[in-house]
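K.L.:
What follows is a structure written as structure tokens; I'll ask about it next.
Any read-out appearing in this document is the output of simple, stated calculations on the displayed coordinates, not a laboratory observation. Model, not experiment: these values are computed from the prediction. With ideal geometry, Cβ positions are generated from the backbone for all residues, glycine too; neighbour counts draw on all protein chains shown.
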Amino acid sequence: MKKQIKSVFNKKNKKKIICLTSYSYNFTKIIDGFVDVILVGDSMGMVLYGMDNTREITDEIMIRHASAVKKASKKSLVFFDLPYSKKFSEDNIIRRTIKIFNKTKCDGVKIEGNSELVDVIKYLTKKSIPVMAHVGLQPQKFSSASKFKIYGRKEDDLKNILNDCKALEKAGAISLLLEGMLTKIAKQITFSSKIPTIGIGASEFCDGQILVSEDMLGMFTEYHPKFVKKYANLSSNIQNAIKRFSSEVNSNKFPNRKFRYD
Ligand code: KIV
């Protein structure tokens, strides 16, 4: 059965909200129903395309991947990331979000930003487009993953982010994604918000958690943030399978009668 926005985002203080990323049809088929929300993240820039950052993901690339993910997902909710744009403009964000939302038929959008998004979120909420606001470490602000900085070490950081989160919640955001921040900040945001927080590198105090699937499955090894726990080592599994394939082809063990047309 398809999960409903309301029942997923009403889990705050009851059960954790489980989220992972996917960029493709086949991978979505594997994880569908095992998570509440599948995010078609612009992390695909680095993970799938080998880019230095998330900024080169265009709306067209996002539409392609989000459409494939949505097509494969029969149970989990699917959110897409609004791709980077050089200059902030409310009209531009609204127009692009509506276009991607309509084309992909996703269930919602995640947008990186702070209180400058208030009017955008009000507008999109009126149009029945659920918005997850992404605060804290915002990868689109960095030209390279090697420059990512944990949020919260400056004096005014706590006050600023609490104000931003309050404004984003009031504007209608259905959830706050908290990335790469000090534990005490994630804890305070979570305790002071009525909407759920989804954390990535933001401690166990959040109402839900998200990881990049390739990171937690041990398939993307170029970048190792402290917050990633590897639940599998698929890179080695794949390499072992390929070694066996190679050896069996070399020794004429594969293919054999069973795999041929006579
Ligand atoms: O792009 C992405 O995958 C994300 C997650 C890391 C939260 O924004």
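K.L.:
Rank the residues M132, M44 as a footprinting-exposure proxy: fewest other Cβ atoms within 10 Å of their Cβ go first. Don't skip to the end; give the middle numbers.
P.N.:
On the way: M132 25, M44 22.
Listed from fewest to most nearby Cβ atoms, that is M44, M132.
K.L.:
Dipole magnitude of the chain about its Cα centre, charges +1 at Lys/Arg Cβ and -1 at Asp/Glu Cβ only, in debye to the nearest 20?
P.N.:
Details: 46 positive and 27 negative charges, 195 e Å.
For the chain, the charge dipole is close to 940 debye.
K.L.:
Here is a further query. Give the long-range amide H neighbours of S22: residues separated by 5 or more places, or on another chain, with amide H under 5 Å away, using H modelled in the peptide plane at 1.01 Å from N.
P.N.:
Correct list: L39, V40, G41.
K.L.:
Using the alpha-carbon atoms, what tilt in degrees (0 to 90, nearest 10) does helix 157-171 show relative to the longest principal axis of the chain?
P.N.:
It works out to around 90 degrees.
K.L.:
Can you pull out the chymotrypsin sites (Phe, Trp or Tyr not before Pro) in segment 26-73 whose DSSP state is coil and whose Cβ has at most 14 other Cβ atoms within 10 Å? Write down the numbers at each step before the final one.
P.N.:
Numbers: sites: F27, F34, Y49; in loops: F34, Y49.
Listed in order of number, the matching sites are F34, Y49.
K.L.:
If you don't mind, there's one more thing I want to ask. Scan around I17 for amide H atoms under 5 Å from its own, H built in the peptide plane at 1.01 Å from N, and keep only partners 5 or more places away or cross-chain.
P.N.:
Sorted by chain and number, the residues that satisfy this are G208, Q209.
K.L.:
On to the next question. Under a point spin-label approximation (7 Å from Cα along Cα-to-Cβ), what is the K99-Y223 distance to one decimal in nm?
P.N.:
Going from the K99 label point to the Y223 one covers 2.5 nm.
K.L.:
What do you get for the angle between helix 183-192 and the principal long axis of the chain? Use alpha-carbon atoms, 0 to 90 degrees, nearest ten.
P.N.:
The two axes meet at around 60 degrees.
K.L.:
Could you calculate the contour length gain from N92 to D156, that is, 0.36 nm times the residue separation minus the distance between their Cα atoms, to one decimal place in nm?
P.N.:
20.1 nm
K.L.:
Could you list Y231, Y25 so that the one with the fewest beta carbons within 10 Å of its beta carbon is first and the one with the most is last?
P.N.:
With the fewest neighbours first, Y231, Y25 line up as Y231, Y25.
K.L.:
Continuing with this model, one more query. Hey, what do the phi angles of segment 33-44 turn into as Karplus ³J(HN,Hα) couplings, whole Hz, using 6.51/-1.76/1.60 and θ = phi - 60°, x for Gly and Pro?
P.N.:
x, 8, 10, 6, 10, 9, 9, 8, x, 6, 4, 4
K.L.:
With a Förster radius of 41 Å, plug the Cβ-Cβ distance of S146 and N252 into 1/(1 + (r/R0)^6) and report the FRET value to the nearest 0.05.
P.N.:
After rounding, the FRET efficiency stands at 0.30.
K.L.:
Could you derive backbone 3J(HN,Hα) for segment 235-244 from the dihedral phi with the Karplus parameters 6.51, -1.76 and 1.60 (θ = phi - 60°), listing whole Hz in sequence and x where the residue is Gly or Pro?
P.N.:
Calculated HN-Hα couplings, in order: 4, 5, 4, 5, 4, 5, 5, 5, 4, 5 Hz.
K.L.:
Sorting check: for 238-247, 102-111, 81-90, which peptide has the highest mean count of neighbouring beta carbons within 10 Å, and how do the rest follow? Walk me through the intermediate numbers first.
P.N.:
Details: 238-247: 10.9, 102-111: 20.0, 81-90: 15.3.
Most protected by this proxy first, the peptides run 102-111, 81-90, 238-247.
K.L.:
Given labels modelled 7 Å from the Cα in the Cβ direction, how far is it in nm from A241 to D262?
P.N.:
2.9
K.L.:
Sort H65, H134 so the one with the fewest other Cβ atoms within 10 Å of its own Cβ comes first.
P.N.:
Starting with the residue having the fewest Cβ neighbours, the order is H65, H134.
K.L.:
Name the GluC sites (Glu not before Pro) in segment 158-262 that are in a loop by DSSP and that have at most 14 other C-beta atoms within 10 Å, would you?
P.N.:
E204, E222
K.L.:
At K14 and K170, where each label point lies 7 Å from the Cα along Cα→Cβ, what is the point-to-point distance in nanometres?
P.N.:
2.8
K.L.:
Apply the Karplus curve 6.51 cos²θ - 1.76 cosθ + 1.60, θ = phi - 60°, to the phi angles in segment 218-233 and return the couplings in whole Hz, x for Gly and Pro.
P.N.:
Going residue by residue, I get x, 10, 10, 10, 6, 9, 10, x, 4, 7, 7, 9, 8, 8, 7, 10 Hz, with x marking Gly and Pro.
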